[in-house]
Each structure stands twice: as structure tokens, then as C-alpha cells.
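Right, one structure below, let's go through it.
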Amino acid sequence: MALSVEGKHALVTGAGSGISLAFARRLLQEGCSVVIGDLKLGVEAEALLKSYPHPPTARDTPSVVFHETDVTSWPQLASLFAAALATFPTLDIVVPGAGLYDPPWSSFWQPPHTATNPDSASRDRADSEPGHYAVLDVNLVAPIRMSQLAIGHWTKRKERGCIVHVGSVAGYLAEAASPLYFASKHGLHGFVRSLGDMRDELGIRVSCVAPGPANTGIWYQDPGRADEILQGCKWLTVEEIVHAMLELVIKDEYGNGTILEVTPGETRVVPMFNAQPPKPGAVHMPAMGAFHEKLFHDLRTKGLGV
Ligand SMILES: NC(=O)c1ccc[n+]([C@@H]2O[C@H](COP(=O)([O-])OP(=O)(O)OC[C@H]3O[C@@H](n4cnc5c(N)ncnc54)[C@H](O)[C@@H]3O)[C@@H](O)[C@H]2O)c1
Ligand SMILES: *[C@@H]1O[C@H](CO)[C@@H](O)[C@H](O)[C@H]1NC(C)=O
């Protein structure tokens with residue numbers, strides 16, 4: 001049996017651009033209204049807001065609203081949920097899609113700035129108590145906090161709901177270029193699997209899409225590194241990811257902690273144990289080898305300033 005998103009209401013973070021924006025657009029096309037939480041809207045997101053104005057011009061027409069949100073702020077996340085519930089009568093679908101790919105200002109290889117590490121580009125603070133990394137705050141802590149807020153809402157009202165997380169093949173592969181990013185996605189996948197029983201116990205469906213690389217803005221937060229690592233990369237289309245995310249929402253058999261991998265031309269559910277690797281060539285970033293050599297050369301010769 002397929003569920004329908006028509007007439008429903010979704011909360012999507014990170015939809016100012018990229019994959020989450022494309023998913024928000026798809027939901028609207030299917031008749032589902034959307035609240036977008038992001039730091040800012042890109043040009044395409046601005047256009048989407050104009051296409052589906054709120055309040056809608058006709059009855060039963062979906063609409064989209066933007067609520068400026070930094071997902072690393074828990075008060076701002078609470079305000080985002082409050083705004084969604086003040087705008088629409090129900091909240092049915094939650095997508096914590098905001099993400100960072102180890103930008104220079106929060107990268108394992110750019111440790112927090114200290115007296116012995118004066119040139120680091122990091123904006124993570126060496127003196128912060130508790131210590132934290134922005135990449136983990138955005139990619140892991142915010143999705144966990146959003147899940148808590150959503151589950152609180154649904155269980156108190158005895159309602160059903162659906163959370164689609166945005167994981168990655170980085171949730172089960174490993175990569176020295178961006179250990180924080182990989183750690184965030186491994187953590188997210190473990191979180192999603194841990195909530196898998198909620199589907200059959202409570203009717204709350206939790207799942208995660210795990211795409212390979214797609215050519216979005218996330219790769220260009222460090223333009224120097226992008227030039228080095230992206231040459232020859234095999235890209236997935238954003239449409240393929242969006243299709244898989246919609247399936248996670250509407251297909252009954254998903255939502256019990258499902259990790260749905262998306263690589264060019266195919267999807268598969270990744271089992272918890274004894275999972276096969278992605279098909280040969282499905283995740284292909286041939287320039288990564290040269291990047292590693294340079295990284296390890298620098299670590300051997302200069303060491304890591306901390
Ligand atoms: N592009 C890929 O290759 C790829 C592959 C697998 C998974 N993903 C995941 O997809 C998700 C979306 O990434 P994308 O590729 O669309 O990149 P993107 O950069 O186009 O979109 C990410 C969005 O998150 C927003 N964001 C970042 N920090 C934020 C914060 N503190 N508060 C609110 N919003 C914030 C950005 O403004 C941006 O609009 C991420 O979780 C990413 O890890 C991407
Ligand atoms: C999830 O449910 C499907 C069928 O709906 C089942 O095949 C699968 O084993 C379940 N997965 C887990 C982790 O329970």
C-alpha cells in the first residue's frame with residue numbers, strides 16, 4: 001500500500017538550496033505544503049516561494065513558507081517547529097536536511113584556533129565548554145534534536161508521523177579527507193536504525209536516504225579542495241535522490257530504520273549486518289588518492305598544529 005503526501009504538511013531544513021530544496025519542490029508538486037528552515041534562501045528557493053505563495057491563492061493548494069533558522073541553535077529549532085504548527089494544522093513529515101561537508105572553518109584538519117595554532121581557518125572554539133564541532137552540530141546534533149521535537153509532538157497528540165533523514169554512503173564508508181563528515185553520517189545512521197521500531201510500535205516512520213556524491217553547493221564550501229577532489233567524480237542526479245526520499249515517505253515497507261542507498265541508476269536497502277559494499281564504480285571519486293598523498297605528506301613533514 002502506498003501512502004500519499006497530498007494535503008499533508010512538511011518541515012524541511014536545508015531547503016534553501018540543493019537536495020532538500022529539490023525535495024521541498026517535489027513535495028509541493030505532490031500537493032504537500034512545506035515550511036523551510038535554513039540560514040538563507042538561494043535564488044531557486046526564492047522562486048519556489050513565489051510559485052507556491054502562503055497563504056495560498058486557492059483552497060486546497062499547497063504553499064511554502066520560510067522561517068530563517070540556524071539549526072545549531074536549539075531555541076531557533078523550537079521556534080521553527082512553533083512556526084510550522086502556527087502556519088499549518090498538522091505536521092506530518094520532518095526532513096532534517098541541512099548539512100555541511102567539512103568546510104575549512106570546521107574541519108578535522110583545521111583544528112580550533114589556539115596560540116600554538118594561529119593560522120587555522122577553524123571557527124570551532126578551542127575554549128568552548130562543552131567543546132563542539134560545527135559539522136557535528138549541523139549534521140548530527142540538529143537532526144537528533146529535530147527528531148526529539150517531532151516525536152514529542154506526535155506522541156503527545158497520538159498522531160502518526162514520518163521523519164526522513166539525509167544520510168550518505170559516508171554513513172558506512174571511511175575517508176581521511178573529511179573524518180568529521182564521515183563521523184556525522186555514521187552517527188546519524190546509527191541513530192536512525194535505533195529508532196526503527198517506532199514504525200510498528202507507534203506509527204512513526206523513521207528512515208534515511210544514503211546518496212553517493214551529487215553535484216551541489218556542499219562540495220564548494222572549500223573551493224581549493226573542491227578543485228582537487230572532484231575531478232572525474234561520478235555524480236548522481238539530485239532527482240534520483242529526491243525520488244528515493246519520496247519512496248521513503250510513501251512506501252509502507254520503509255520507515256523502520258531503513259537506510260536507502262542511492263547510486264547512479266539504482267537504490268538498495270542497506271542491511272545492518274554483513275552489508276555488501278556499493279557496487280564497483282557506483283561511488284567513484286578518482287582524485288581522492290592524490291589528495292590523500294598530499295594530506296599524509298603534510299602530516300609527516302609539518303605535523304598537525306593544535
Ligand atoms: N551533495 C552530495 O553529494 C550529498 C551526498 C550525500 C548526502 N548529502 C547530504 O545532503 C544534505 C543536503 O546537502 P546538499 O548537497 O543539498 O548541500 P547544499 O549545500 O546545497 O545544502 C545544504 C543546506 O544546508 C544549509 N545549512 C547549512 N548550515 C546550516 C545551519 N547551521 N542552519 C540551517 N541551515 C544550514 C545551507 O544553507 C544549505 O542551504 C546534507 O545533509 C548532505 O550531507 C549530500
Ligand atoms: C523493516 O520492515 C521490512 C518489511 O516491512 C522488513 O523486511 C525488514 O526486515 C524490517 N527491517 C528491520 C530493521 O526491522
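Just checking, which of LEU27, LEU100 is within 13 Å of ligand 1 (Cβ to nearest atom), hydrophobic (A, V, I, L, M, F, W, C), outside any strand (DSSP E or B) and surrounded by 14 or more Cβ atoms within 10 Å (Cβ to Cβ)?
Values: LEU27 fails: within 13 Å of ligand 1 (Cβ to nearest atom).
Going through LEU27, LEU100 in turn, just one is within 13 Å of ligand 1 (Cβ to nearest atom), hydrophobic (A, V, I, L, M, F, W, C), outside any strand (DSSP E or B) and surrounded by 14 or more Cβ atoms within 10 Å (Cβ to Cβ): LEU100.
Conditions tested, residue by residue: (1) closer than 23 Å to ILE241 by Cβ; (2) in a helix (DSSP H, G or I); (3) more than 16 Å from ligand 2 (Cβ to nearest atom).
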position	(1), (2), (3)
ASP119	no, no, yes
SER122	no, no, yes
PRO130	no, no, yes
TRP154	no, yes, yes
GLU159	no, no, yes
ALA174	yes, no, yes
LEU180	yes, yes, yes
ALA183	yes, yes, yes
PHE191	yes, yes, no
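Just to verify a result, which residue in the range 50-74, among those that are surrounded by fewer than 21 Cβ atoms within 10 Å (Cβ to Cβ), closer than 15 Å to THR13 by Cα and not acidic (Asp, Glu), is farthest from the chain's Cα centre (by Cα)? If we take residues in the range 50-74 being surrounded by fewer than 21 Cβ atoms within 10 Å (Cβ to Cβ), closer than 15 Å to THR13 by Cα and not acidic (Asp, Glu), then VAL65 is farthest from the chain's Cα centre (by Cα).
Counting only residues that are in a helix (DSSP H, G or I) and more than 16 Å from THR216 (Cα to Cα), the range 1-24 holds 0 of them. In this structure, does ASP60 turn out to be more than 11 Å from ligand 1 (Cβ to nearest atom) and assigned to a loop (DSSP other than H, G, I, E, B)? It is true that ASP60 is more than 11 Å from ligand 1 (Cβ to nearest atom) and assigned to a loop (DSSP other than H, G, I, E, B).
Can you spot a residue in the range 201-222 that is out of contact with any strand residue (DSSP E or B) (no Cβ under 7 Å at 6 or more places or on another chain), in a loop (DSSP other than H, G, I, E, B), at pLDDT below 95 and within 16 Å of ligand 1 (Cβ to nearest atom)? Break it down into steps so the answer makes sense when it comes.
We begin by selecting, within the range 201-222, every residue out of contact with any strand residue (DSSP E or B) (no Cβ under 7 Å at 6 or more places or on another chain); these are 201-203, 215-222.
With in a loop (DSSP other than H, G, I, E, B) added as a condition, the list becomes 203, 215-216, 221-222.
Filter once more, keeping what is at pLDDT below 95: 221-222.
In the following step, the residues that additionally are within 16 Å of ligand 1 (Cβ to nearest atom) were identified as 221-222.
Yes - at least one qualifying residue is present in the range 201-222.
I need the full set of residues from the range 188-223 which are of a type in the set (Gly, Ala, Ser) and closer than 14 Å to SER168 by Cα, in order please. Give the derivation first.
Quick first cut of the range 188-223, residues of a type in the set (Gly, Ala, Ser) only: 190, 194, 196, 203, 207, 210, 212, 214, 217.
Passing the criteria: GLY190, SER207, ALA210, GLY212, ALA214.
Are any residues in the range 261-290 surrounded by 13 or more Cβ atoms within 10 Å (Cβ to Cβ), within 16 Å of ligand 1 (Cβ to nearest atom) and under 22 Å from SER178 (Cβ atoms), and if so, which ones? Those that are surrounded by 13 or more Cβ atoms within 10 Å (Cβ to Cβ), within 16 Å of ligand 1 (Cβ to nearest atom) and under 22 Å from SER178 (Cβ atoms): GLU261, VAL262, THR263, PRO264, VAL270, PRO278, ALA282, VAL283, HIS284, MET285, ALA287, MET288.
Filter the range 238-260 down to residues that are among the charged types (D, E, K, R) and touching a residue at least 24 places away in the same chain (Cβ under 8 Å) and give me whichever is farthest from ligand 1 (Cβ to nearest atom). Even if it seems obvious, please write down each step before you answer.
Going residue by residue through the range 238-260, those that are among the charged types (D, E, K, R) are 239-240, 247, 251-253.
Then keep just the ones that are touching a residue at least 24 places away in the same chain (Cβ under 8 Å); that gives 239-240, 251-252.
Numbers: GLU239: 13, GLU240: 11, LYS251: 20, ASP252: 25 Å.
Result: ASP252.
When we screen THR263, THR267 for residues that are more than 16 Å from ligand 2 (Cβ to nearest atom) and polar (S, T, N, Q), the only hit is THR263.
Assess whether LEU91 counts as being at pLDDT 95 or above, surrounded by 20 or more Cβ atoms within 10 Å (Cβ to Cβ) and assigned to a helix (DSSP H, G or I). No: the conditions fail for LEU91. For beta carbons closer than 6 Å, sequence separation of 6+ or different chains, a first residue in the range 45-56 that is within 21 Å of GLY217 (Cβ to Cβ) and a second that is of a type outside the set (Val, Ile, Thr), the qualifying pairs are ALA45/GLY16; ALA45/LEU21; LEU48/ARG25.
Annotation for the range 122-136: at least one member residue is within 28 Å of LEU180 (Cα to Cα), over 24 Å from the mean Cα position of the chain (by Cα) and hydrophobic (A, V, I, L, M, F, W, C). Filtering the range 166-200 to residues that are within 12 Å of ligand 1 (Cβ to nearest atom) and within 23 Å of ASP92 (Cα to Cα) leaves VAL166, GLY167, LEU188, HIS189.
The values are calculated or read from the model by the stated rules, or taken from the named source; none is laboratory data. Bear in mind the structure is a predicted one, so any value in this text is a computation, not a measurement. Please note: Cβ atoms are built from the backbone with ideal geometry, for glycine as well, and neighbour counts cover all protein chains shown.
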